[in-house]
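Peer 1: Handing you a structure now.
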Amino acid sequence: MKHIIKQLVQDTLMKYEGDRLRYSRTSLTMFSAWLLVIYMTVYDLYKEGFRYDVFATMVAVALGTKITDSFSKKINK
């Protein structure tokens, strides 16, 4: 399990600079922002119950992030 988590962190939060793996500031910022959003969503679910607008917003942001990432990878090639 520890190996899987380490590999996940390396794949998502780190990038190669030359021959070294370093933490990506952009990835760390996105990760901390997502943790905050997920916390706020769970808190809202607890206080207000399921709300479709919150769910739709989460889905829209996740899709937008994925689309932006795919365009970024095409541009950087």
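Bear in mind these aren't lab numbers, they're just calculated from the coordinates by the rules spelled out. Source: prediction; values computed, not measured. Note that we place each Cβ from the backbone using ideal geometry, even for glycine, and neighbour counts take in every protein chain shown.
Peer 1: Considering the range 42-56 alone, what residues qualify as being touching a Ser or Thr at 6+ places or on another chain (Cβ under 9 Å) and surrounded by 13 or more Cβ atoms within 10 Å (Cβ to Cβ)?
Peer 2: Val54
Peer 1: May I pose another question? Go through the range 43-77 residue by residue and tally those that are of a type in the set (A, V, I, L, M) and within 16 Å of the chain's Cα centre (by Cα). Let's see the steps before the verdict.
Peer 2: Initial filter on the range 43-77 (of a type in the set (A, V, I, L, M)): 45, 54, 56, 58-63, 67, 75.
Checking which are within 16 Å of the chain's Cα centre (by Cα) leaves us with 58-63, 67.
Adding up the residues that qualify gives 7.
Peer 1: Scan the range 23-34 and tell me whether some residue there is assigned to a strand (DSSP E or B) and out of contact with any Gly (no Cβ under 6 Å at 6 or more places or on another chain).
Peer 2: As a first pass, look at the range 23-34 and keep what is assigned to a strand (DSSP E or B): 23.
If we keep only those that are out of contact with any Gly (no Cβ under 6 Å at 6 or more places or on another chain) too, we end up with 23.
Among the residues of the range 23-34, at least one is assigned to a strand (DSSP E or B) and out of contact with any Gly (no Cβ under 6 Å at 6 or more places or on another chain), which makes the answer yes.
Peer 1: Go through the range 41-77 and count every residue that is without any contact (Cβ under 8 Å) to a residue 24 or more places away in the chain, more than 19 Å from Asp11 (Cβ to Cβ) and either in contact with a helix residue (DSSP H, G or I) (Cβ under 9 Å, 6 or more places away or on another chain) or of a type outside the set (A, V, I, L, M, F, W, C) (or both).
Peer 2: Qualifying residue count, the range 41-77: 17.
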